[in-house]
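**Student:** One structure, as structure tokens, below. Some questions next.
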Amino acid sequence: MRWVSVQSWARVTGVLFGVLLTVSAGSLCASPPAGAIPVAPALPFPVPPAIPEFDTQFYRPSAAEFASKKPGDLITARRVNLAALSFIPVNVDSWQVSYRSTNTRGEPIAAVATVLKPRGPARSGPSKLVSWQSAEDSTAQYCAPSYALQQASIPGNLTGSVDSTFEMLQITSLVAAGWSVVIPDHEGPDSAFAAGPLAGRITLDGIRAARNFSPLALRRDVRIGMMGYSGGAIATGWASELKQTYAPELPIVGAAEGGVPADIRAMVDLANNNAAAGLVLAGVIGVSREYPELERFLDRHVNPLGKALIAGKNPLCLTYQSALAPFVNIKGLIDLPGDPLDYPVPRKVLGELQMGRTTPDFPMFVYNSNPDWIAPVGPVTTMVGEYCARPGARVRYIRDHFSEHITLAIEGFGPSILWMRDRLDGKPVASGCHTSDQGSMALDPQTWPAFANLVGNNVAALLQQQLGNPPVRP
């Protein structure tokens, strides 16, 4: 059903994509190697990029091309042109890379990330790289940031990929600060929304791939940070917890995450019959793609309405996921007595998605809206408490009382980028854990310059000024 729906939608623009596929396929074979892998040139303006579902040569290479590679090893790369809102070009150097990662069953998979840096010579001092995890919150590859951030992609207000599109307005501040950025498609090749352990691995391997990609010119003394909000916090949080065992060699100096989906079971409980039901149901669908036992459970027990909703949601981006079936009784879609989440399969799978199992070995900046109606604050407080009950925890946790889930994505950006600046600059952080309750994070005057820079950086981008050289201090 997923492919039928996408193909039907694609017929509207079939001629456009047909031309594109011919051009992009040729470009992938045309370029000489740069470093260890070939790097294809960018598509000529005004040729639009192919959606990933039709760009299988790049997004779904044959297993023979990567099965023998190590996690984070590069498969191929190409230059791309990035744009804010799909049409305002951003004056940076940018590429897409495909690389080998690992799913939750230990099997090799191909993943994709967008990498970018300021144009011009590298600055003196340690290299600085931020891994930005987008709140994709979708169940189709055309919603992924690697597509949504490209110039001439179908605008997010049409596809429904609003977060991946509008987050470019925040990413400009990262590049303007002089930092390199990697943006993984952390849902993976099957768009497994909310499958946190998968997203964490893809994120960590995206960082490895960025370090391996010679055009970024990252030195070995690179300092690495991670940032993500909401769906992006799923990937950021899991990457933080998995780092010690999965990628211990990475010099990560800090992670900032907000609107944290720390417990998917608690999110389903909160969303049931409420406004976020459509979005959270999409998360259940996404998780089932990575956990076959949950997919089989749903196939056996979901009623006809549930089957219709799952079929309708299979190819949708965030906006339409949220708009389709708000206030639905998610648990009522499963024909079983009692609470279906208490049955062994969903209890086991959702239990595996609960954060707080391992305390990250680097500083964490965590923030959440106290009245959050999507990612409830209680499990986030529990997660922080579990971190802080173990030795070595360094966590700053803020509960914001005047915001809600969507507004905090904006209010929390200034404080989080300032915190990340200090980590990338090598400033020490206080040991232990520090929890504070604030009226609004946006009322802290120390963060106002960061918000002013956010506006200024996007004005600069609109005027086609070069971002990040010289850098603008957040």
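**Student:** So, in segment 272-305, how many residues would count as being under 22 Å from the mean Cα position of the chain (by Cα) and either small (Gly, Ala, Ser) or under 30 Å from Lys427 (Cβ atoms) (or both)?
**Tutor:** 7
**Student:** Would you list the helices (runs of 4 or more DSSP H) that sit entirely within segment 142-183 and hold 3 or more residues that are more than 22 Å from Ala50 (Cβ to Cβ)?
**Tutor:** In segment 142-183, 168-176 are the helices (runs of 4 or more DSSP H) which contain 3 or more residues that are more than 22 Å from Ala50 (Cβ to Cβ).
**Student:** A follow-up question, please. Please specify each residue of segment 55-98 satisfying the condition of being of a type in the set (A, V, I, L, M, F, W, C), more than 21 Å from the chain's Cα centre (by Cα) and surrounded by fewer than 20 Cβ atoms within 10 Å (Cβ to Cβ).
**Tutor:** Ala63, Ala64, Ala67, Phe87, Ile88
**Student:** Looking at (1) surrounded by fewer than 22 Cβ atoms within 10 Å (Cβ to Cβ); (2) assigned to a loop (DSSP other than H, G, I, E, B); (3) under 20 Å from the mean Cα position of the chain (by Cα), which is the one condition that is false for Leu316?
**Tutor:** (1)
**Student:** Looking at (1) within 22 Å of Met420 (Cβ to Cβ); (2) of a type in the set (Ser, Thr, Tyr); (3) surrounded by fewer than 22 Cβ atoms within 10 Å (Cβ to Cβ), which is the only condition Thr114 fails?
**Tutor:** (3)
**Student:** How about segment 52-98: which of its residues are of a type in the set (Gly, Ala, Ser) and in contact (Cβ under 8 Å) with a residue 60 or more places away in the chain?
**Tutor:** Gly72, Ala77, Ala83, Ala84, Ser86
**Student:** Could you list, in sequence order, all residues of segment 342-364 that are touching a Leu at 6+ places or on another chain (Cβ under 9 Å) and either buried (at least 20 other Cβ atoms within 10 Å of the Cβ) or more than 25 Å from Leu242 (Cβ to Cβ) (or both)?
**Tutor:** Tyr343, Pro346, Val349, Leu350
**Student:** Do the conditions hold for Leu242, that is, is it part of a helix (DSSP H, G or I), in the same structural domain as Trp95 (by TED's automatic domain parsing) and more than 13 Å from the chain's Cα centre (by Cα)?
**Tutor:** yes
The values are calculated or read from the model by the stated rules, or taken from the named source; none is laboratory data. Since we're looking at a predicted model, the values are computed, not measured. Using ideal geometry, Cβ is built from the backbone for each residue, glycine included, and neighbour counts are taken over all protein chains shown.
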